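Below is one structure, written out as structure tokens; comments come after it.
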Amino acid sequence: MSVVIHASDLTKVFGKSIAVDHISFDVQKGEIFGFLGPNGAGKTTSTRMLTGVIPPDTGTATILGYDIRSEPVLAKQGFGVVPETSNAYSDLTAWQNLLLMGELYGLPRARAEQRSSELLGMVGLLERKDQKVQAYSKGMKQRLILAMALIHEPELLFLDEPTSGLDVQSTQMILSLLRDLNKQGTTIFLTTHNMEEANRLCHRVGIIRAGKMVAIDAPEKLKTAIDRVHKIEVSFDRDVPDNTLAGLEGVMTVNRTGDKWQITTQNKDATIHSLAAFSQKNSAAIVTLNTLAPSLDEAFLRLTQEAKP
């Protein structure tokens, strides 16, 4: 798998404030990489350096094999950008905005028109293509700028908070479009502070706090890495005394909640095997058994709190 984004010691200082502090990471071809952090953590500044909007003070960024500082045109030909706020011209129609983007990327007119029709159909705006953008809702504008970013069929797509402030229907449509694009081979770099969105969409996430990278991993691995103590919830088809469960292998604590028992353990696998053996030995059939992993929200909070200066 080849590297599409390579960031090495990227740093940006504004006055006396270090917005981004020597961050390094890679994004692999074909993945959806979530870039997470609280407001003011340095997400947008990092994205602006990666896309060539602002230069880093130190460090380098290679996009699709091109240095974003020394070869910006070659790099930009291969990626699209969906900024947090709309960059569409409000006094032009959706069709005119797309043709203008096609012209900027050097697409032949016939190809630009073909792509515009395809993309407007994809984002559900084909019937509104001749309406000026100033009459569009925020969700419609966001779908339009996604189409504009895709006009030249980029290998890589940068999105900065693409669903921020959108209604549920627009959010679901955009997330579905991103999944489809990724299935077709587009690599996606997504900044967000929406943990649920990242959990459902991303193959890996990087967490930034106060300008520093504090973790990079798959969402499920981040969840389990923050807590070495696991929780198991189990229920049986008949009453079971608490003290019989407390003595099972790996069990640290047992608490009853309604008809279920919540068990904490440092060895999840051993405890599950012990519960299965206990069930057979005592003729107490297991009705439900669930492992309760921490949420990505909990991982995010734990990691960002631990990283506080």
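Here are some notes:
- Between 0 and 90°, nearest 10: helix 268-281 axis offset from the chain longest Cα axis: 40 degrees
- Qualifying aspartates and glutamates (Cα of each under 18 Å from Cα of residue 183; at least 8 residues distant if same chain): 31, 118, 153, 155, 197
- Residue among 241, 72, 38 with the largest mean-square fluctuation in a Gaussian network model of the chain, springs linking Cα atoms under 10 Å: 241
- Here the spin labels are modelled as points 7 Å beyond Cα on the Cα-Cβ line, and at residue 246 and residue 153 they lie 6.8 nm apart.
- Qualifying trypsin sites (Lys or Arg not before Pro) in segment 166-238, where qualification requires a DSSP coil assignment and no more than 16 other C-beta atoms within 10 Å, comprise 228, 238.
- Linear extension gain, residue 73 paired with residue 217, 0.36 nm per residue minus alpha-carbon span: 48.7 nm
- Bridgeable lysines around residue 141 (alpha carbons under 16 Å apart, same-chain partners fewer than 8 residues away excluded): 129, 132.
- Principal-axis tilt of helix 168-183 within the chain, Cα atoms, nearest 10 degrees: 80 degrees
- Relative contact order of the chain, defined on C-alpha pairs under 8 angstrom at six or more residues apart (%): 19 percent
- Using alpha carbons only: equivalent-ellipsoid semi-axes of segment 228-293, gyration tensor based, whole Å: 17, 13, 11
- Out-of-range pairs (alpha-carbon distance over 23 Å; input 29/76; 29/221; 16/212; 76/212; 12/223; 231/260): 76/212; 12/223
- Listed residues 262, 28, 280, most fluctuating in the chain (Gaussian network, C-alpha, under 10 Å): 280
- Helix 138-149 vs. the chain, principal-axis angle (Cα, 0 to 90°, nearest 10): 70 degrees
- Segment 12-116 gives an Rg/Rh value of 1.02, both radii derived from C-alpha positions and Rh following Kirkwood.
- Largest GNM mean-square fluctuation among 96, 142, 169, using the chain with Cα springs under 10 Å: 169.
- Across segment 50-160, the relative contact order, built from alpha-carbon pairs under 8 Å that are at least six residues apart, equals 35 percent.
No lab work stands behind these numbers, since they all come straight from the coordinates. Small disclaimer: the values here were computed from a predicted structure and weren't measured. No Cβ is skipped: glycine too gets one built from the backbone with ideal geometry, and neighbour counts run over all protein chains shown.
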